[in-house]
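For reference, the structure discussed in these notes is given below.
The values are calculated or read from the model by the stated rules, or taken from the named source; none is laboratory data. This structure is a prediction, so every number in the text was calculated from the model and none was measured. With ideal geometry, Cβ positions are generated from the backbone for all residues, glycine too; neighbour counts draw on all protein chains shown.
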Amino acid sequence: MKRYLTLGYGVLCYAVFLASFLYAIGFVGNVVVPRTVDHGITASIGEAVLVNLILLGLFAVQHSVMARPAFKRMWTRIVPQSIERSTYVLISSLLLVLLYWQWRTMPQVVWHVSAPAGRYVLLTLFWAGWAIVLMSTFMINHFDLFGLRQVYLAWRGEPYRDTAFRTTLFYRVVRHPIMVGFIVAFWAAPTMTAGHLMFSLATTGYILIAIQLEEHDLVASLGDSYRDYRDDVPMLIPGLHPHHHSAGPHHAL
């Protein structure tokens, strides 16, 4: 029974993630869904800035803290290792739902592209960004990343083994294609409001910080294989050659 409950829990967490991910596309792009980055709760500018920063901060802190190896070691004394990743995915997804629900509108227009060609280019980039995000997850291991592989192995009664370090397709061009996709999708807006700008600035800043934390963990885990990869492949901008100084690593974008 425990094995089936573990599998069911993992599938449920993945379903919540999938719904929150699809809603994110509508939220950022102002398509289909009722609450978006430009159509949230009406509030004063002071309230909007404060509440939106708190919502973004909650997600950022949870997303980074729960991903750290030290936290995982502590956390798995409470939560079975087989559902640790699923629980992380569930909490992240629920915090996104909270953000969608409580986001305050900041409608002031920062820029507006009215030319059809310009709007077409930006909308194409918007959808391309989300496609890059999704495709990049499958180029590593989508089902491990979102906890399904862990609960499936538990259901089979097989021990979990870390996935091998691979650099396929997009990962040969930049080290963090998922983050590249998010940045492109967040900024490719034909109409950029103050709320959308805050969202894009905050999430991009968080991404740049989170990458440093993640790479520190990857070097600690993988050693020279990741250092060599970091030396050969730029972080975010294709074609930008990484440079490292003897005083310490310098991450090229």
Exercise. Residue 37: under 22 Å from residue 162 (Cα atoms), under 19 Å from the mean Cα position of the chain (by Cα) and not small (Gly, Ala, Ser), yes or no?
Worked result: no
Exercise. Which of (1) assigned to a helix (DSSP H, G or I); (2) modelled with pLDDT under 90 is the odd one out, the single condition residue 242 does not satisfy?
Worked result: (1)
Exercise. Taking into account only those residues within segment 176-200 that are more than 17 Å from the chain's Cα centre (by Cα) and polar (S, T, N, Q), which is surrounded by the most Cβ atoms within 10 Å (Cβ to Cβ)?
Worked result: 193
Problem set entry | helices (runs of 4 or more DSSP H) completely within segment 9-128 that count 3 or more residues being in contact with an Asp or Glu (Cβ under 9 Å, 6 or more places away or on another chain) and either surrounded by fewer than 16 Cβ atoms within 10 Å (Cβ to Cβ) or at pLDDT below 95 (or both) | 69-75
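Yes/no matrix, rows are residues, columns are (1) more than 18 Å from the chain's Cα centre (by Cα); (2) in contact (Cβ under 8 Å) with a residue 24 or more places away in the chain:
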position	(1), (2)
5	yes, no
13	no, yes
42	yes, yes
73	yes, no
79	yes, no
97	no, yes
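Okay, residues lined up against (1) at pLDDT below 95; (2) touching a Leu at 6+ places or on another chain (Cβ under 6 Å); (3) at positive phi:
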position	(1), (2), (3)
156	yes, no, no
165	yes, yes, no
179	no, no, no
185	no, no, no
205	no, no, no
231	yes, no, no
235	yes, yes, no
Exercise. Which residue, of 51, 37, is over 30 Å from residue 155 (Cα atoms) and free of Cβ contacts under 8 Å to residues at least 60 places away in the same chain?
Worked result: 51
For this session: Tell me, yes or no, whether segment 195-206 has at least one residue that is of a type outside the set (Lys, Arg), touching a helix residue (DSSP H, G or I) at 6+ places or on another chain (Cβ under 8 Å) and farther than 30 Å from residue 110 by Cβ.
Result: no
Exercise. Since residue 215 meets every condition but one in (1) assigned to a helix (DSSP H, G or I); (2) more than 17 Å from the chain's Cα centre (by Cα), which condition does it not meet?
Worked result: (2)
Exercise. If you take the residues of segment 131-150 that are surrounded by 16 or more Cβ atoms within 10 Å (Cβ to Cβ) and among the hydrophobic types (A, V, I, L, M, F, W, C), which of them is nearest to the chain's Cα centre (by Cα)?
Worked result: 133
Exercise. Which residues, counting only those in segment 10-27, are under 16 Å from residue 102 (Cβ atoms) and not small (Gly, Ala, Ser)?
Worked result: 23, 27
Exercise. So which residues in segment 129-157 are part of a helix (DSSP H, G or I), out of contact with any Ser or Thr (no Cβ under 6 Å at 6 or more places or on another chain) and under 20 Å from residue 87 (Cα atoms), if there are any at all?
Worked result: 137, 142, 143, 148, 149, 152, 153, 155, 156
For this session: Would you check if there is a residue in segment 151-166 being within 22 Å of residue 67 (Cα to Cα), surrounded by 15 or more Cβ atoms within 10 Å (Cβ to Cβ) and without any contact (Cβ under 8 Å) to a residue 40 or more places away in the chain?
Result: no
